[in-house]
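Engineer: One structure is given below, represented as structure tokens, and several questions about it will come after.
The values are calculated or read from the model by the stated rules, or taken from the named source; none is laboratory data. A quick note: this is a predicted structure, and the numbers were derived from the prediction, not measured. In this analysis, Cβ positions are derived from the backbone assuming ideal geometry, glycine residues included, and neighbour counts consider all displayed protein chains. For the accessible areas, the whole protein counts, side chains as well, though only heavy atoms, and no ligand, DNA or RNA atoms are used. Shrake-Rupley method; radii C 1.70, N 1.55, O 1.52, S 1.80 Å.
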Amino acid sequence: MFKATCTVLASLVLAGCAAPSQTLQPTACARLQWLGSTTIARDEPVAGATTGGISGLDYDAQRGDYVAISDDRSAHGPARWMRLRIGQVPTGSRAGPNPWHAEVTEVHPLRDAEGQALRPRHAAAPGQPVPDPEAIRLLPGGGLVWTEEGDLGRGFGPSLIRADGQGRQHARWFYPFKDEAGVPGVRSNFGFEGLAVTPDGHQAWVALEAPLRQDGPRASGSSAGAPVRISLADLADGRLLRQLAYQPDAAPATLWAPLRRREVNGISEILLDGPGHLLVLERSYSPGHGFGARLYRIALDAPDTLAQPSLARAPQPVAAKELIADLSTIQRGRLDNMEAMAWGPALPDGRRLLVFASDDNFNPAQANQVLITAYLPPERCAP
């Protein structure tokens, strides 16, 4: 979520210090094509909650709208999920060259098993987890599944939550990912960021944002760091079934000498692309460069790392990844803090809508940005 770094520094980056994006090698087929972008206004609170912190997004094909989740820890309103309307402005209106519009239409609190709204840190009882929502998906049979990063200071690792259609918790599973000495290995604020549910709704892939402590260092401007774990969980009982290792890129190097080692890069979202592949969104931040995001495609047949307590002591092959696009070259203008990604409806020409949304960290210098793209299936790029 990049709260500690980005909220403080984003206003400096937006003052005109952003550097050009890295140049990509030309490809014969553009797999991701820009259709438009817009922002969600946060001027007027909806249902008593400030619009912002969008960290997860999913498409509801039955209703034709989207659900989203905010990573607000009940500071700007109750921990919540929302419904969004994202679409084109009707022809003939004063839409200009970019006729897209996005707005929040409904706000719903996330609830515990007793149906109570989740409490913020200052009001939570001892032993009660404090929410830090990050990703959300709809279940095909009804209901929601969402993730949160955990509250290590209170003894809780990241968790996976299954809820009904009103957001009331049915089941919650915690994953401390302990090392060989039994010490939780998840880094604070680098827990579950990515979530992808299988079409039958029986399983879910969950992705950490950064490596476990026992696996090695995080990505920096000088190194890609250690691999990050992406795990497959059973949504009936929460068991982890298998796992793969994913190697993120190095972060863009910090340009400002007083702010060395503030750069970050990691997984911000994942999405199933057919039965055997995942799309992985890597999101970076570096003072002087600002935000960046790259979309990769990986195969799910990588070796299983679930039984390995430490990838540093027993290195494992990582999933091969294919670059689909650098979003900074897709978005026309400044790219914000992209954390959410969802399929939209199929397009008439065989492409599929792929929508991204940003987490503004409730920072006035950032925006609730929505990027609308068309994704070209790999078979359409075959020679």
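Engineer: Report the trypsin sites (Lys or Arg not before Pro) located in region 294-383 that are in a DSSP loop and have at most 12 other Cβ atoms inside 10 Å of their Cβ, or state none.
Structural biologist: Values: sites: Arg294, Arg297, Arg313, Lys321, Arg332, Arg334, Arg351, Arg352, Arg380; in loops: Arg313, Arg332, Arg334, Arg351.
When the trypsin sites (Lys or Arg not before Pro) of region 294-383 are filtered for loop state and at most 12 Cβ neighbours within 10 Å, Arg313, Arg332 remain.
Engineer: Could you work out what % of the accessible surface of region 279-383 is carbon and sulfur, using a 1.4 angstrom probe and leaving DNA, RNA and ligands out of the count?
Structural biologist: Working: 2020 of 3710 Å².
Heavy-atom surface of region 279-383 belonging to carbon and sulfur, 1.4 Å probe: 54 percent.
Engineer: What relative contact order, as a whole-number percentage, does the chain give when Cα pairs under 8 Å and 6 or more residues apart are counted?
Structural biologist: Answer for the chain is 17 percent.
Engineer: How much accessible area per residue does the chain have, in Å², with a 1.4 Å probe? Walk me through the numbers before you get to the answer.
Structural biologist: Values: 15880 Å² over 383 residues.
Accessible area per residue, the chain: 41 Å².
Engineer: Of the accessible area of region 171-231, with the probe set at 1.4 angstrom, what percent is carbon plus sulfur?
Structural biologist: Details: 1150 of 2180 Å².
With neighbouring chains kept in place, the figure for region 171-231 is 52 percent.
Engineer: Stretched out fully, how many nm does the piece from Leu347 to Arg334 gain, at 0.36 nm a residue minus the Cα gap?
Structural biologist: Working: separation 13, 0.36 × 13 = 4.68 nm, distance 2.63 nm.
Stretched fully, the Leu347-Arg334 segment lengthens by 2.0 nm.
Engineer: Ok, one more. Compute, for region 151-228, the length of the dipole vector about the Cα centre, with Cβ point charges of +1 (Lys, Arg) and -1 (Asp, Glu) only. Units Debye, rounded to 20. Please list the in-between numbers first.
Structural biologist: Details: 8 positive and 8 negative charges, 44 e Å.
Its charge dipole is roughly 200 debye.
Engineer: Around Ala374, under 13 Å between beta carbons, what's the net of Lys plus Arg minus Asp minus Glu among the other residues?
Structural biologist: Values: positive: Arg31, Arg351, Arg352, Arg380; negative: Asp349.
With Lys, Arg at +1 and Asp, Glu at -1, the net is +3.
Engineer: Follow-up. At 0.36 nm per residue, and after removing the present C-alpha to C-alpha distance, how many nm does the segment from Arg380 to Arg313 gain when stretched out fully? If you can, show how the numbers build up before the last one.
Structural biologist: Working: separation 67, 0.36 × 67 = 24.12 nm, distance 4.13 nm.
Residue separation times 0.36 nm, minus the Cα-Cα distance, leaves 20.0 nm.
Engineer: With label points built 7 Å along Cα→Cβ from the Cα atoms of Ala299 and Ala320, find their separation and express it in nm.
Structural biologist: Here the answer is 0.5 nm between the modelled labels.
Engineer: Ok, one more. How far is it, in nm, from the label point at Gln128 to the one at Asp200 when both lie 7 Å from their Cα along the line to the Cβ?
Structural biologist: 3.8
Engineer: Going 7 Å from the Cα of Leu240 along its beta-carbon direction, which residues of region 295-310 have the amide nitrogen within less than 13 Å of the resulting point?
Structural biologist: Residues passing the 13 Å test: 304-310.
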